[in-house]
Amino acid sequence: MKAGMLVDSFVREAPRYRAYTHRHLDAIPQLAGLPRDLRHAIRLAAQVFPFRVSNYVLDELIDWDAAPDDPLFRLVFPMPEMLDDGALAEVDRALTNDDRETLHAAVARIRRGLNPHPAGQLDANIPVHDGRRLNGIQHKYRETVLYFPAQGQTCHSYCSFCFRWPQFVGDRSLRIASSRVSDLVDYLRAHPDVTDVLITGGDPLVMQTARLASIIEPLLAPGLAHVRTIRIGTKALGYWPQRFVSDEDSDALMRLFERVVASGRQLALMAHVNHPRELEPEIARQAVRRIRATGAMLRSQSPLLHWINDDARVWSRMWREQVRLGIVPYYMFVERDTGARHYFEVSLARAWEIYRDAYKCVSGLARTVRGPSMSAWPGKVEIQGVAEIHGEKVFVLRMIQARNPDWVQRPFFARFDETATWLDDLVPAFGGERFFFQRVG
Ligand SMILES: *Cc1c(COP(=O)(O)O)cnc(C)c1O
Ligand code: SF4
């Protein structure tokens, strides 16, 4: 089937992309409808948390009658509760006094306190090749290498909970980015175990197609036949579906996907979808149809987030809708231990309940989703359930992925803790001293 056939009826009159940052809050017309105090508080929070939103999200996704409680509003607007009162007051004072220096210093300090690089991202995952650390590449799990192209380290809009936030705030020491595809190619040549390359960000689809092609095409070289899947992690389906449909180089992007497929590889679009409403606009559906028509696959993933999707009905609706459109549900993540985590966090016990309640009322085709999963130092740790064994209530856990492949899929047990929200909060069940993957001493 030719890629164009499904979308012939589409009229290319999509709006042009416009983004607003914390400097342009006053220019967002819909915000004027919110209480003045709230607008001010949002302005303060937006000094600390990266803020960027596109006209598409403002005009098509957010339900302004329901703001600020609307989940799509919470998805992009930083809220005052994300900061503690002291930090908020400090930012307020500096801003009121128009004191740039104090403001910069305060913001930098507050950000450092927000655990910018959880789970060993800056040390344990960066590979060394020929005696050189390859910045912009991460290799934690044997089969899958992550690549962070320098030009893809931003997003069409920013999620208020994003764990990639240091990528956006312009602090170079916190940034993971590569501008050398040759590093990636050399590394892959030396690592025949790697079957998957995941191009990630930010959102690599903020890049022009030509730039993306300059990264992907070298991966199709004959010497890299062991690379079987090229994944692109993206939020463009929700935040700027025009990327696949009506941007100037959308067709070129579809041709690029087709070239990957023609090379005998899988092109997998790993779509970040947090809420079923992101998939409702006709243009998002058109985007899915066009992507599928190239032979590319779509998979979806999302963290479970208080205020946004902490409801089993939202997840089951989302998975069902994804299956109908041809998107394979892949991961449900536990919100990571970084940024405004306390604001979005859901306890592990509740996360498991939500997962299970959603999972049990969808058909088998949607039960491809795994989770709730914590991307922690040792690996992706999944909460498989809560059980009682010899009178002790426990979490049953397993690693879906692990730093050491031998750790994968071994059941292990932690003492049940109603309030735990991350792996660090858990202790081994049955009086054990440490989990099997923890080193002695
Ligand atoms: C999740 C993840 C991957 C991908 O793992 P798959 O199981 O292949 O989907 C790769 N690297 C890191 C660091 C990850 O967190
Ligand atoms: S799309 Fe992904 S990388 Fe971009 S802001 Fe959202 S969570 Fe972060």
(message) Considering all alpha-carbon pairs of the chain, what whole percent are spaced by more than 38 angstrom?
(response) 22 percent
(request) Would you kindly enumerate the cysteines in the chain that have no other Cys beta-carbon under 4.7 Å from their beta-carbon? (result) CYS155, CYS361
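Multiply the residue separation of ARG36 and ARG100 by 0.36 nm, subtract the distance between their alpha-carbon atoms, and state the gained length in nm to one decimal. Walk me through the numbers on the way to the answer.
On the way: separation 64, 0.36 × 64 = 23.04 nm, distance 2.32 nm.
Value of the extension gain: 20.7 nm.
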(message) Using each residue's phi in segment 63-78, evaluate 6.51 cos²θ - 1.76 cosθ + 1.60 at θ = phi - 60° and report the 3J(HN,Hα) Karplus result to the nearest Hz, with x for Gly and Pro.
(response) 8, 5, 5, 9, 5, x, 7, 4, x, 6, 5, 5, 5, 10, 8, x
(message) How high is the relative contact order of segment 221-324? Use alpha-carbon pairs under 8 Å, at least six apart in sequence, and give a whole percent.
(response) 31 percent
(message) Apply the Karplus curve 6.51 cos²θ - 1.76 cosθ + 1.60, θ = phi - 60°, to the phi angles in segment 279-293 and return the couplings in whole Hz, x for Gly and Pro.
(response) 9, 7, x, 4, 5, 5, 5, 4, 4, 4, 4, 5, 4, 5, 5
(message) Suppose all protein chains stay in the model; what accessible area per residue would a 1.4 Å probe give for the chain, in Å²?
(response) 43 Å²
(request) Heavy atoms only, probe 1.4 angstrom, no DNA, RNA or ligands counted: give me LYS140, LYS360 ranked by accessible area, highest first. (result) LYS360, LYS140
(request) Report, to two decimal places, the Cα Rg of segment 379-441 normalised by 2.2 N^0.38 Å (N = number of residues). (result) 1.07
(message) If R₀ is 30 angstrom, what is the calculated FRET efficiency for the pair ASP417 and ARG367, using the beta carbon separation as r and rounding to 0.05?
(response) 0.65
(message) Could you tell me the ratio Rg/Rh of segment 262-389? Both radii from Cα atoms, Rh via Kirkwood.
(response) 1.00
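With charges only on Cβ, +1 for K and R and -1 for D and E, what is the dipole size of segment 19-112 about its Cα centre, in debye, rounded to 20?
On the way: 11 positive and 16 negative charges, 92 e Å.
Approximately 440 debye in magnitude.
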(request) Scan around VAL328 for amide H atoms under 5 Å from its own, H built in the peptide plane at 1.01 Å from N, and keep only partners 5 or more places away or cross-chain. (result) LEU298, ARG299, SER300
(message) Straight-line reach from LYS235: which aspartates and glutamates fall under 14 Å, measuring Cα to Cα and dropping same-chain residues less than 8 apart?
(response) ASP203, GLU278
(message) List the residues, sorted by chain then number, that are 5 or more residues from THR421 or on another chain and whose placed amide H is less than 5 Å from its amide H.
(response) LEU348
(request) Loop only per DSSP, at most 12 neighbouring Cβ atoms within 10 Å: give me the chymotrypsin sites (Phe, Trp or Tyr not before Pro) in segment 365-441, ordered by residue number. (result) PHE430, PHE436
(message) Below 8 Å, C-alpha to C-alpha, sequence gap of six or more: please give me the relative contact order for the chain in percent.
(response) 12 percent
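Just the number, please: percent antiparallel of the DSSP beta bridges in the chain, rounded to the nearest 5. It would help to have the intermediate numbers written out before the result.
Values: 26 of 55 bridges.
Once the DSSP bridges in the chain are tallied, antiparallel ones form about 45 percent.
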(request) Quick one: what are the phi-derived ³J(HN,Hα) couplings along segment 35-44, Karplus 6.51/-1.76/1.60 with θ = phi - 60°, whole Hz, x for glycine and proline? (result) x, 4, 4, 5, 4, 5, 5, 5, 4, 5
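What size of dipole, in debye to the nearest 20, comes out for segment 329-441 about its Cα centre when the only charges are +1 on Lys and Arg C-beta atoms and -1 on Asp and Glu C-beta atoms? Please report the intermediate quantities before stating the final value.
Values: 15 positive and 14 negative charges, 87 e Å.
Using Cβ point charges on Lys, Arg, Asp and Glu, segment 329-441 gives about 420 debye.
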(message) Can you give me the long-range amide H partners of MET374? Hydrogens built in the peptide plane at 1.01 Å from N, cutoff under 5 Å, separation of 5 or more residues or another chain.
(response) VAL334, VAL381, GLU382, ILE383
(message) With +1 on the Cβ of every Lys and Arg and -1 on the Cβ of every Asp and Glu, and nothing else charged, how large is the dipole of the chain about its Cα centre, in debye rounded to the nearest 20?
(response) 1380 debye
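The values are calculated or read from the model by the stated rules, or taken from the named source; none is laboratory data. Keep in mind the model is a prediction, meaning the values are calculated, not measured. Glycine gets a Cβ as well: all are built from the backbone with ideal geometry, and neighbour counts include every protein chain shown. Just the protein is used for accessible areas: all its heavy atoms, side chains included, with ligands, DNA and RNA removed. Shrake-Rupley method; radii C 1.70, N 1.55, O 1.52, S 1.80 Å.
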